[in-house]
Amino acid sequence: MAKRGGFPGGGMPGNMANLMKQAQKMQRQMEEQAKELEAKEFTATAGGGAVEVTVSGKREVTKVTLAEEVVDPDDIEMLEDLIVAAMNEALRQVDAESTSAMSKLTGGMPGMF
């Protein structure tokens, strides 16, 4: 009588070892992608280019450039809004790049990024 529930030829341990190797390879690739992302800069503008914000892949603001005409002491609120808009767009670019890079690695596997 044949054993039930077994894996013929011990196939499962070999498959498990192969799966672990693939997982380790994917982890290394993800770490490399993260390092590459951190080295990149993302720039966004608002107000027709009057405000420009640059952020790193680490999500840190590295530069803010303001056009002289947007600096109006009587309308600080508009300048604040333009800075926030440019920062949010630059951060969206970081997120989009990160998501794109990770989906390439995971091949669109469900539950992965």
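The values are calculated or read from the model by the stated rules, or taken from the named source; none is laboratory data. Since the structure is predicted, the reported quantities are computational estimates derived from the model, not experimental observations. All Cβ positions, even for glycine, are placed from backbone atoms using ideal geometry, and neighbour counts span all protein chains on display.
Residues of the stretch 50-63 being surrounded by 13 or more Cβ atoms within 10 Å (Cβ to Cβ) and either without any contact (Cβ under 8 Å) to a residue 40 or more places away in the chain or part of a helix (DSSP H, G or I) (or both), which ones? Talk me through it step by step, then tell me what you get.
The first filter runs over the stretch 50-63 and keeps only residues surrounded by 13 or more Cβ atoms within 10 Å (Cβ to Cβ), leaving 50-57, 59, 61-62.
Across the stretch 50-63, the qualifying residues are ALA50, VAL51, GLU52, VAL53, THR54, VAL55, SER56, ARG59, VAL61, THR62.
Selection within the stretch 80-101: residues that are touching a helix residue (DSSP H, G or I) at 6+ places or on another chain (Cβ under 7 Å) and more than 13 Å from GLU52 (Cβ to Cβ). The member of this set that is modelled with the highest pLDDT is GLU97. Restricting attention to the stretch 46-65, the residues being out of contact with any helix residue (DSSP H, G or I) (no Cβ under 6 Å at 6 or more places or on another chain) and on the phi < 0 side of the Ramachandran plot number 9.
Looking at the stretch 47-82 only, could you name the residues that are under 23 Å from the mean Cα position of the chain (by Cα) and among the β-branched types (Val, Ile, Thr)? Passing the criteria: VAL53, THR54, VAL55, VAL61, THR62, VAL64.
Is it the case that VAL94 is part of a strand (DSSP E or B) and surrounded by 15 or more Cβ atoms within 10 Å (Cβ to Cβ)? When the stated conditions are applied, VAL94 does not pass them.
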